[in-house]
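Heads up, the thing below is written out as structure tokens.
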Amino acid sequence: MAELALALPGQASAPSRSAWILPPLLILAALFFFPLALIARQALGGAEGGALSLNHFATVLTSKMFVDGLRNTLVIALSATAGCLVLGFVLSVFIAFTPFPGSSILARLIDTFIALPTFLVALSFTFIYGSAGMLNESLMEIFHLDLPPVDFLYSQWGVILSEITVYTPFVMRPLLASFSLIEPAQLEVASSLGARPLRIVSRIILPAALPALVAGGSLCLLLTVNEFGIVLFIGAKDVITLPLLIYDKAIQQFDYTTACVIAVVNVGLSLALYSLYRFVVAYFGGRRAGLV
Amino acid sequence: MRAELADVAPAMATPAQRERAGVDAASSGIRFDDVTVAYNDVVVLDSLSLTVKPGEIVALIGPSGSGKTTALRAVAGFVRPLRGTISIGTRDVTNVAPHARNIGMVVQNYALFPHMRAEENVAFGLRARGAPADVIRERVPECLRMVGMASYAKRFPRELSGGQQQRVAIARALAIRPQVLLLDEPLSALDAQIRRSMLDELARLHRDLPSLTVLYVTHDQTEALTLADHIGIMRDGKLVAFGDAQSLYRYPPNRFSAEFLGRANLLPVREVATTTAGMARVRFGADALIARNHHGLPDGGECLLCVRPHDLRLSPCDSIGNVLGGVVKSVQWQGDMQNVELDVAGHALRLTCAPMHAPPAPGAPLAIHFSASEATLIPEHTLRG
Amino acid sequence: MLVWSRSGRATTATIALVLFGVLYGLPIAVIALASFAGQWNSVLPSKPTLEHYVNALHGDSLENLHVSVVTGFVASLVALVSGTWAALALRVQPRTARRVLDAVFFIPSAVPSVSVGLGLLVAFSQPPVLLNGTTMIVVIAHFVLISAFTYGNVSAGLARLPVDFEQVAESLGARPFYRLRRVTLPLLTPYLIAAFSLSFALSMGELGATVMVYPPGWVTMPVGIFALSDRGAIFDAAALTMVLAITTAIVLIGLARVPTRASVR
């Protein structure tokens, strides 16, 4: 009944019960928000005890290293997200609408894949697509070549391909959920009216999947901007992203202030993408299923 | 801590322990006093005043969104009134936490705790109150027996049918010997056949526990008419009628009640003229009719004449009978009865009777009769349906 | 269903299986193969050996396993307690506060892990709290990164819990803590286990924050794997990756088998 839905558990609660939120909130504040604030302070030069200034920002943000890092991050994130959307859509359509033996198991395995460490894919790609990997060895054997013909792994394409593999399941989850809401009768009627499969996909399935695609895509964008393990494992010299740059500055060069400046930009970018994601999910009325 | 206390309690509990556990409370009534409830500035219960006497069953009926469930949940303490007071017995419970109200509650989808066996479910309230072990040992089988579930004590809810789950839910509510029992659409989730037998069961239960005060919320008039001593009819957050089941059915105080509780034929009539002992003559078009003027409507006014479909007959019934002429519009056979729809001077009238061998054909003229004592005048101006 | 003809169905099934195989089956198969490889000079590895597993279960690598499992358990447990606490406490907040706080508890999942690590380094390398170089700072980093996921899982479970159970319990006389202990938490158990499983898996694979903060004596498996592959011991890295995946799987499967009586109809 509508009447039931209106009354929430906290309806008859005293204000003092609100205070129960404080312990977890304080823990989060001390271990997460406080360190983030200190990053910002150090980036603004507060750590040396002097007045806050934007000098460090001016120096770092105009440096070639930062501009390249930002460009790489964005190019990789956008390309990987686009790839995830296309691949995720295709694979989801296969699983949901052209059932084949094992398709339901695959749908469940997707959840498992999400929990695997991201660098696993990068590591395996070195065995498959590396200069001495399976693909190159096969091609060299078949065509009697002396040099490995496939050489994309140690460029941004290697990173992009790895990220597409790793993050496609994050697009498939909301997609499969939204596909399960499409009535099979709708597709049957369409095909009985003579619509071909591709037309059904473009006219019925794609529009229904749009909210899930937008939500999954913005989540992918967020995760790929933040990705670190894959970039580190691929280890290509000229593919430095913002997270890798932070690691480089702080751990290899002990330049904490520069690292903090870059971290402020990176965190800002991530929070903007996170807001976009929350907005998209709220706008389309879905639950936050994708992020958890 | 409380559970441990109960475990080491001596074989017989002292009266003080029983008192503290609140397991022997006497029955008492419920009183709503000008209770208003609003969610986000939308009033869902509007100045409800209502008394349920000790040992009585009161049913609140009404369409969904009428505020009946809100009224019940206000007694339970899950919604806080904006205004007014709610008392159980002599105690004002308006600001008392739900767990301290000593009520039993049964909800539509049973809400049996899925991780507890039937007996653990029944024992839950007693344990929560720290009842002594001997009380629990005695009370749980007793309550399960009362609802005919003694042999299912060890089952988990998922191993029980819907009807069985509802019985356990009732036993669970009764185990704490509540001052009042709140039933929120308890039979709605059951299918028709089980619902009928559960209805008989509830009636029997109340004969066995005559001191139990029950507030029963339902949208089903049959449940209300079968069980309730008094019925309250709700609409748009307001109580629009309240009375004992019989008189509310026979003399509905307004159009909405007449149509919500049973089926009603309502004819607009005028020129009320009181005759003898609560009767009045009225005019319906050119016809003169006689009906009960139970609500004492003033002479000369306009009102509605209410007569139930099964009180309309095809042959004269008594000396002061009313007669109306009409045309048959449709005839429906429904197994154990016949439905005839008529047009009487532009008004649709429905008549139900035992199946006929030669039912009238659509289009045929037909005279219908009804006794003056089975027709009631109800005021026209209040609550147009 | 989109494709009706027998040949069409066979074609789509083949395409789908090949796609899944190349994208998801192959990487895992290749890691497994490499972990047994004595040598890999042609298309397939040769001279199969268990040597890499012996290495993975000895010395530093075994220590890595121990460190990862301990870190994962402790961080997930703390995250479970604080996430459950937060989700429960959030229910009694006023509507607006609830919306804001919900977003706040999710934010750690949106921030890059490297920055979380950097923040901890900056914050706890100076008085009053000195944690740099301790085991504690690794556990804290993991806790921060997985806390949003435990919180999300538990609050999703709470949202799915019918309100009737708790209200009936309350009407029967159960005080808030009795109700929490006997009704709410038992009914939440499946979600708590799922939350713990996910946190544990995420912690086992965490790299970004760990490389920022780990002290020499507390090296997790992902860091160990990176170190191995960085110095060219890629077969050992593959074997350690397999150990990581298998350990995680064993823990997750074990947790999935924990009997819970709280299957809500």
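Here, each number is a calculation from the coordinates, and none is a lab measurement. Quick caveat, the model's predicted, so the values are computed rather than measured. Quick reminder, even Gly has a Cβ in these numbers, built from the backbone with ideal geometry, and neighbours come from all protein chains shown.
At a glance:
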item: Averaged over A:36-44, number of beta-carbon atoms from partner chains that fall within 10 Å; result: 4
item: Counting DSSP beta bridges with both ends in chain B, the antiparallel % (nearest 5); result: 75 percent
item: Estimated FRET transfer efficiency (A:LYS64, A:GLN253; beta-carbon r; R0 22 Å; 0.05); result: 0.90
item: Kyte-Doolittle mean at least -0.5, axial Cα span of 18 Å or more - DSSP H helices of chain A; result: A:64-97, A:103-115, A:156-179, A:206-226, A:256-283
item: Estimated distance in nm for a label pair at C:GLU63 and B:ALA277, the labels positioned 7 Å out from Cα along Cα-to-Cβ; result: 10.8 nm
item: Cα centroid separation - segment B:90-146 against segment C:46-97, whole Å; result: 41 Å
item: Antiparallel content of DSSP bridges confined to the protein assembly as shown, in %, to 5; result: 75 percent
item: Order by protection proxy (mean Cβ within 10 Å, highest first), peptides B:354-367, C:102-115, A:146-159; result: C:102-115, A:146-159, B:354-367
item: Stretchable slack from C:ALA32 to C:VAL81, in nm (0.36 nm times residue separation minus alpha-carbon distance); result: 14.1 nm
item: Residue-averaged beta-carbon neighbours from other chains (10 angstrom radius) around C:173-182; result: 6
item: Positive dipole terminus of the protein assembly as shown, leading residue within B:ALA245, B:SER188, C:LEU19 (C-beta point charges); result: B:ALA245
item: Degrees separating the helix B:162-175 axis from the principal Cα axis of chain B, which is the longest one; result: 60 degrees
item: Label-reachable residues, segment B:103-125, where backbone N falls under 18 Å from a point 7 Å from B:SER151's Cα toward its Cβ; result: B:118-119
item: Unit charges on C-beta of K, R, D, E only; dipole of the protein assembly as shown, Debye; result: 1280 debye
item: 10 Å Cβ neighbours from other chains, averaged over peptide C:79-88; result: 3
item: At R0 = 30 Å, FRET efficiency that the Cβ-Cβ distance of B:TRP333 and B:ARG263 yields, to 0.05; result: 0.95
item: Ratio Rg/Rh [Cα only; Rh per Kirkwood] for the protein assembly as shown; result: 1.09
item: Tilt relative to chain C, helix C:113-124 - C-alpha long axis, 0 to 90 degrees, to 10; result: 70 degrees
item: Projected label distance in nm at C:LEU130 and C:ARG160, using a 7 Å step from Cα toward the beta-carbon; result: 4.8 nm
item: Label-point separation in nm, B:ALA358 to A:TYR283, each point 7 Å along Cα→Cβ; result: 7.5 nm
item: Burial order of peptide ranges A:174-186, B:219-231, C:138-150 (average beta-carbon count within 10 Å, highest first); result: C:138-150, B:219-231, A:174-186
item: Expected 222 nm ellipticity per residue - DSSP helices of 4 or more, -39500 (n - 2.57), all of chain C, to 500; result: -22500 deg cm²/dmol
item: Cα lying deepest toward the dipole's positive end in segment C:50-264, options C:TYR214, C:PHE149, C:ILE253, charges on Cβ; result: C:PHE149
item: Efficiency of FRET from Cβ geometry, A:PHE57 and A:ARG199, R₀ 35 Å, rounded to 0.05; result: 0.10
item: For segment B:203-244 and segment C:4-43, distance of Cα centres in Å; result: 67 Å
item: Share antiparallel - DSSP beta bridges, segment B:137-250, percent rounded to 5; result: 55 percent
item: Highest-fluctuation residue, B:ASN121, B:ASN339, B:ASN40 considered, GNM on chain B with Cα pairs under 10 Å; result: B:ASN40
item: Cα-based Lys proximity count in the protein assembly as shown, under 23 Å, for pairs eight or more positions apart or on separate chains; result: 6
item: 0 to 90° range, to nearest 10: angle between helix C:95-106 axis and chain C longest Cα axis; result: 20 degrees
